[in-house]
Amino acid sequence: MLPFVQGRETPWTWWLLPAAFALLGGWILWEKNYKRRGREPMVDLQLFKIRSFTLGNIIAGSTSWA
């Protein structure tokens with residue numbers, strides 16, 4: 001959110017977006033590996049295969065930007 005709010009005043013904050021995507025990707029890999037080892041992941045990524053769940057999260061996340 002910071003780059004979208006303060007992007008004009010502090011242009012360096014736009015570098016936070018690629019870092020956020022890298023962290024998200026790393027977290028997803030961690031969760032998949034964690035489940036593969038027989039442990040209970042923080043979020044069951046299979047939930048995102050349910051269209052209503054995925055769209056609901058997108059809508060909930062996008063309304064916080066407004």
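The values are calculated or read from the model by the stated rules, or taken from the named source; none is laboratory data. Quantities reported herein were computed from a predicted structural model and do not represent experimental measurements. With ligands, DNA and RNA removed, areas are computed over all heavy atoms of the protein, side chains included. Shrake-Rupley method; radii C 1.70, N 1.55, O 1.52, S 1.80 Å.
Are any residues in the range 23-51 part of a helix (DSSP H, G or I) and either open to solvent by 70 Å² or more (accessible area, probe 1.4 Å) or at positive phi (or both), and if so, which ones?
Matches in the range 23-51: Leu23, Leu24, Trp27, Leu29, Trp30, Lys32, Lys35, Arg36, Gln46, Phe48, Lys49, Arg51.
Restricting attention to the range 2-22, and to residues there that are part of a loop (DSSP other than H, G, I, E, B) and open to solvent by less than 100 Å² (accessible area, probe 1.4 Å), which single residue is nearest to Thr63 (Cα to Cα)?
Gly7
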